Amino acid sequence: MRVLAAVDKFKGTASAAQVAAAIGHACWELGHECVEQPVADGGEGTLEALGGANRTSVVTGPLGDAVEAEWRFHRGVAVIEMARASGLTLVGGAEGNDAMAATTTGTGELIDQALDLGAKKIVVCLGGSATTDGGLGCVRAITAPHRLRGVTMLVACDVQTLFTDAAPVFAPQKGASPAQVDMLRGRLERVAQMYQEQFGVDVRTVPGSGAAGGLAGGLVALGGRLLPGFDLVADEVDLHDKIEAADLVVTGEGYLDEQSFEGKVVGGVQAMGADSGRPVLAVVGDSAPEIRHRIVHRSLVELFGGQRAMNEPLWCIEHAAKDLLREFQS
């Protein structure tokens, strides 16, 4: 058989590339071909799925300190994960954050560098931000924003939150007090008015513009296009064509639940498989009981126990994949 391993990371235990390689090894041992394709939903892991970092730049971190941010530039295409430059983990989580001061400046500096290198397409992955600055730090860090007119800017966005709602919806998770949430919302209103005056775009009405504390809205003001993260990645890696060329697709992620079928990798791959008439199976770290009927899968915790699944994930993934493949053939 020709098998496609189109998988997400198992968060905290294995990268998407490692998961795909373990499934590939299972296929090889059983005499099947396998194409290994890491996939992501636009958040953490998307940079790897789109080829991995090949550059590191020192930029302004969320609270003004210098940080080293990995990103990718290849053949005129830049891939930037905003969390690498402006992420909450860079400041030690909500406890270490200053929700009022946190800035997206570093993300803008990466976009600026991509433009300096002659980028024709810039992919910006949102998620994991420390910020609620409406993307103002990012916008101000881009010298001569008119250069973006000749560039395709795609923004991976998996929420529908409106611009000013970014404050009440997300800022508390970033360490903001109730009083600060009110101040941040007011600030986002003013930023939106500024974008409308400067760029002629009312970001307040755009679904998803509140993603990453309003960074999505700032990028929309600059001409960026918001896309569901999985769809963006699937398009960039030609996933549809790879599914068409396969006899069987094996997908997977760390935890399978209802959210897996709402814009995440497993649900997205399953839907594409259905459209192409290709069977889709899954290997997962663990699964919620209520969704076990949604896709044929193997759970590492169920097969090998929680401790082994955490300590030896790649061995477990390989053996779970063999089990799935044998059942499919029988």
Worksheet item: If you go through the stretch 4-21 one residue at a time, how many are crowded, with 24+ Cβ neighbours inside 10 Å and either within 15 Å of Ala320 (Cα to Cα) or touching a Phe, Trp or Tyr at 6+ places or on another chain (Cβ under 8 Å) (or both)?
Response: 5
Worksheet item: within 14 Å of the chain's Cα centre (by Cα) and in contact (Cβ under 8 Å) with a residue 24 or more places away in the chain, is that true of Asp231?
Response: yes
Worksheet item: Mind checking which residues of the stretch 278-322 are in contact with a Cys (Cβ under 7 Å, 6 or more places away or on another chain) and surrounded by 21 or more Cβ atoms within 10 Å (Cβ to Cβ)?
Response: Leu300, Ala309
Fill in: Test: Ser15 is over 22 Å from Val159 (Cα atoms), touching a Lys or Arg at 6+ places or on another chain (Cβ under 7 Å) and among the polar types (S, T, N, Q)
yes
Item to complete: Take the stretch 141-166 and flag every residue that is free of Cβ contacts under 8 Å to residues at least 40 places away in the same chain and assigned to a helix (DSSP H, G or I).
Response: His146, Arg147, Gly150
Item to complete: Hey, could you check the stretch 173-208 for residues that are among the polar types (S, T, N, Q) and within 25 Å of the chain's Cα centre (by Cα) and say which is nearest to Gly128 (Cα to Cα)?
Response: Gln173
Worksheet entry | Failed item, numbered, when Trp28 is tested on (1) of a type in the set (Phe, Trp, Tyr); (2) outside the structural domain of Thr103 (by TED's automatic domain parsing); (3) buried (at least 19 other Cβ atoms within 10 Å of the Cβ) | (3)
Worksheet item: Restricting to the stretch 216-257, what's the tally of residues that are assigned to a loop (DSSP other than H, G, I, E, B), within 30 Å of Glu302 (Cα to Cα) and of a type in the set (A, V, I, L, M, F, W, C)?
Response: 1
Discussion item. Anything in the stretch 258-277 that is out of contact with any Phe, Trp or Tyr (no Cβ under 7 Å at 6 or more places or on another chain), surrounded by 16 or more Cβ atoms within 10 Å (Cβ to Cβ), under 18 Å from Gly42 (Cα atoms) and not aromatic (Phe, Trp, Tyr)? List them, or say none.
Written reply: Ser260, Val266, Val269, Gln270, Met272
Discussion item. For a quick check of your reading of the model, give me the residue pairs whose first member lies in the stretch 187-211 and is in the same structural domain as Asp133 (by TED's automatic domain parsing), whose second is surrounded by fewer than 14 Cβ atoms within 10 Å (Cβ to Cβ) and part of a loop (DSSP other than H, G, I, E, B), with beta-carbon atoms closer than 7 Å and at least 6 apart or on different chains.
Written reply: Pro207/Gln160; Gly208/Gln160
Response to the item:
Among helices (runs of 4 or more DSSP H) entirely inside the stretch 258-330, those with 3 or more residues being touching a residue at least 40 places away in the same chain (Cβ under 8 Å) are 265-276, 313-329
Worksheet item: Looking at Gly134, Gly108, Gly127, which is the one that is buried (at least 20 other Cβ atoms within 10 Å of the Cβ) and touching a Phe, Trp or Tyr at 6+ places or on another chain (Cβ under 9 Å)?
Response: Gly134
Discussion item. Looking only at the stretch 12-52, count every residue that is among the acidic types (Asp, Glu) and closer than 16 Å to Arg72 by Cβ and tell me the total.
Written reply: 2
Worksheet item: Out of the stretch 230-269, which residues are of a type outside the set (Asp, Glu), farther than 23 Å from Ala22 by Cα and in contact with a helix residue (DSSP H, G or I) (Cβ under 7 Å, 6 or more places away or on another chain)?
Response: Phe261, Gly263
Worksheet entry | Flag for Thr152 being surrounded by fewer than 24 Cβ atoms within 10 Å (Cβ to Cβ), closer than 19 Å to Tyr195 by Cα and among the β-branched types (Val, Ile, Thr) | no
Worksheet item: Within the group Gly118, Gly127, Gly137, Gly108, which residue is under 16 Å from Gly217 (Cβ atoms) and either in a loop (DSSP other than H, G, I, E, B) or of a type in the set (Val, Ile, Thr) (or both)?
Response: Gly127
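The values are calculated or read from the model by the stated rules, or taken from the named source; none is laboratory data. Keep in mind that what you see is a predicted model, and the values were worked out from it rather than measured. Cβ: placed from backbone, ideal geometry, glycine included. Neighbour counts: every protein chain shown.
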